[in-house]
1. Tally the DSSP beta bridges in the chain and give the antiparallel ones as a percent, rounded to 5.
2. Rolling a 1.4 angstrom probe over the protein heavy atoms, how many square angstrom per residue are accessible across segment 246-297?
3. Can you classify segment 42-108 as rounded, prolate or oblate using the Cα gyration tensor, where a ≥ b ≥ c are the square roots of its eigenvalues, rounded means a/c under 1.5, and otherwise it's prolate if a/b beats b/c and oblate if not?
4. Applying the Karplus parametrisation 6.51 cos²θ - 1.76 cosθ + 1.60 with θ = phi - 60° to the phi angles of segment 34-44, what ³J(HN,Hα) value in whole Hz is obtained for each residue in order, glycine and proline being reported as x?
5. How big is the dipole moment of segment 200-297 about its Cα centre under a simple scheme where the beta carbon of each Lys and Arg is +1, that of each Asp and Glu is -1, and everything else is neutral? Debye, nearest 20, please.
6. What does the charge add up to near Lys46, with Lys and Arg as +1, Asp and Glu as -1, over the other residues with Cβ less than 13 Å from its Cβ?
7. Segment 250-297 to segment 109-155: how many Å between their Cα centroids?
8. Note the full-extension length gain between Asp125 and Val27 as 0.36 nm times their separation in residues minus their Cα-Cα distance, in nm to one decimal.
Amino acid sequence: MEKIVFNWNLKEKPEDFIVSEVAELPVNENGNFYLYMLIKRNMNTKEIAGRYRLHYAGLKDKNALTFQFVSSDRFLGDFLKEKKDSESLFFLYFLGKISKRIKIGQLKGNRFSIKIKCSKIKDQDWFINYFDIQRLERNFEKGKKTILNLPPKTTWKRLSWYENFYIDAYLSYLWNKALMKFLSENFDGYRIYEKSFGFFVPFTDYSYLMKNIPRFLPILGYKIKMKDFEIKIYSQILKEEGIELQEILEKLKDLRIKGDYRKTFLRAEDLVIKGNRIQFFLPKGAYATMFLKHIFR
């Protein structure tokens with residue numbers, strides 16, 4: 001099987017990777033919450049949000065220039081600027097009042113503008129919708145350890161934010177493995193590697209994918225209803241992990257983790273290449289870096 005090593009150094013400087021949220025947040029002058037645009041460079045969303053008690057729809061990359069909507073229970077002024085050091089700073093611009101505070105996942109998606117760092121890219125707009133390494137690296141193993149060591153009947157309320165994050169990372173890792181197993185058993189293809197992570201990509205096109213693979217694959221949770229082939233795949237990969245499927249489902253039920261259904265493949269929309277930059281839109285939950293892996297030569 002052909003192996004490709006992804007070594008596109010995406011973020012030599014934050015301006016090489018620009019992300020802008022797309023969301024519908026109607027302004028209401030009688031609202032009880034304050035809507036801001038957070039523009040940050042080389043800083044974590046969580047770091048800023050924790051300091052000012054901001055609510056956000058999603059975490060944005062640190063080593064990037066990012067634009068995202070946040071809400072506050074109190075008015076922080078029309079404009080706020082803070083510089084951490086010569087490379088790290090953020091701005092908060094007041095946009096108006098809104099009726100409800102922003103919640104995780106409350107956005108349509110993100111627009112990206114990324115500097116091209118390789119000599120050639122494929123003429124392709126589709127990609128397999130794997131979780132990428134920034135979610136998995138150093139996190140999924142902690143998630144496995146966390147979930148296996150939970151005392152019986154532990155509820156999610158007893159977990160820290162980080163413990164919940166690690167468990168989500170492990171469930172994402174299992175989803176990746178389940179999808180890779182399905183694809184590798186039904187398609188010829190190749191693997192893209194970054195660091196210690198490999199991703200199987202089939203030799204196919206978007207129209208064939210539409211006709212021949214399930215559009216969604218479940219992320220494990222106690223409310224998920226799985227088809228026979230999904231039960232078989234998850235049982236097999238969990239056996240390799242030293243866990244029984246029923247065992248992990250019972251733990252997820254105690255934690256009230258419902259599960260979800262994630263699209264197996266996506267298209268990058270509004271794809272444009274201008275000079276040395278590539279621009280496109282992806283729906284929430286998708287990784288721009290995963291799309292770049294698929295078009296990398």
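The values are calculated or read from the model by the stated rules, or taken from the named source; none is laboratory data. Source: prediction; values computed, not measured. Note that each Cβ is placed from the backbone with ideal geometry, even for glycine, and that neighbours are counted across all protein chains shown. When the accessible area is computed, the model is the full protein with side chains, heavy atoms only, and any ligands, DNA or RNA have been set aside. Shrake-Rupley method; radii C 1.70, N 1.55, O 1.52, S 1.80 Å.
1. Working: 56 of 62 bridges.
Percent antiparallel among DSSP bridges in the chain is about 90.
2. Result: 49 Å² per residue.
3. oblate
4. For segment 34-44, the Karplus-derived couplings read 10, 9, 10, 9, 9, 10, 9, 10, 6, 9, 7 Hz, x marking Gly and Pro.
5. In debye, rounded to 20, segment 200-297 gives about 420.
6. Numbers: positive: Lys40, Arg51, Arg53, Lys60, Lys62; negative: Glu47, Asp61.
In short, +3.
7. 9 Å
8. Using 0.36 nm per residue and subtracting the Cα-Cα distance, I get 31.9 nm.
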